[in-house]
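The values are calculated or read from the model by the stated rules, or taken from the named source; none is laboratory data. As the structure is a computational prediction, the values presented were derived from the model and not from experiment. Don't worry about glycine lacking a Cβ; one is built from the backbone with ideal geometry, like all the others, and counts go over all protein chains shown.
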Amino acid sequence: MDGLVALEGALLVERALAARLELEALYCVPARRSWAESLAGLETGVTVASEAEISRIAGYGFHRGAYALARRPAESTLAEALPKGTGAATVLVLPELGDPENLGAAFRNAAALGCSAILLGPAGPDPLCRRALRVSMGSSLRLPWARMKGPEDLVGLGKRGFGAAACVLDPDAVDLRSWRRPPRLALVLGNEAFGLSGPWLDACPDRITLPMQGGADSLNLATAAALFLYSLAANAGGP
């Protein structure tokens, strides 16, 4: 399915159309036929099939009664994904994230908490892969994102007015509750298992941490990102 995006369920189909993706094929169970034929912007025909037949077409048994294939949109450049202007903004930077479900959850959280864009490293999961799309509830179809070539791109954000802050587990880092964020912020979180590697960490002028209790030493990456984003939005009077 090179060049195509797989969409599971009615919600993702609707959000793909809202994002102006062009559907190549749309399959649904009989109970979804009226819904499918009433979709605004639908240019392809609707194929009505059984649950089992749609599962066979999709290659797995999870589709919620609707399944579609859409043309993959062009990938944005870094300059295209970043928010325009000079006003307050937050971008979430995930240069070494490895799990597509964590990526999908991070997109969903970032969209809900007013983040302007997500920047990824040169490798890692695809925001438009099936698992990331499903967990993101379609957020990766509408929230701008781009890939960075390396830590030098993170350093380059400083020339665009962004201050970069690494979220770390370090007793010497500044407590999130007392840190004053810059108006334009690149919030950087590392890999789920080992955090940020040296080159990415060195590209961040600031290091902040989220104090934890009860003997816990870490949080799920997407959960941690949500907590940082929520707190820092209030800190700036808006993300």
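Points worth noting:
- Hits in segment 156-180 - residues which are of a type outside the set (D, E, K, R), assigned to a helix (DSSP H, G or I) and at pLDDT below 95: Gly158, Leu176, Ser178
- Residues in segment 122-149 that are in contact with a helix residue (DSSP H, G or I) (Cβ under 8 Å, 6 or more places away or on another chain) and assigned to a loop (DSSP other than H, G, I, E, B): Gly124, Pro125, Asp126, Pro127, Leu128, Cys129, Met137, Gly138, Leu143, Pro144, Met148.
- Identity of the residue in segment 183-204, out of contact with any Gly (no Cβ under 9 Å at 6 or more places or on another chain) and not in a loop (DSSP other than H, G, I, E, B), that ends up surrounded by the fewest Cβ atoms within 10 Å (Cβ to Cβ): Gly198
- Of all residues in segment 69-95 being part of a strand (DSSP E or B) and small (Gly, Ala, Ser), the one that is surrounded by the most Cβ atoms within 10 Å (Cβ to Cβ): Ala70
- Unique match (being surrounded by 15 or more Cβ atoms within 10 Å (Cβ to Cβ), within 30 Å of Leu201 (Cα to Cα), modelled with pLDDT of 95 or more and assigned by TED's automatic domain parsing to the domain that holds Leu221) among Gly104, Gly98: Gly104
- Look at (1) surrounded by 15 or more Cβ atoms within 10 Å (Cβ to Cβ); (2) closer than 22 Å to Ala74 by Cα; (3) at pLDDT below 95 and you find that Glu43 fails only one, number (1).
- For the criterion of being under 23 Å from Ser76 (Cβ atoms) and either among the β-branched types (Val, Ile, Thr) or not in a loop (DSSP other than H, G, I, E, B) (or both), Ala224 fails.
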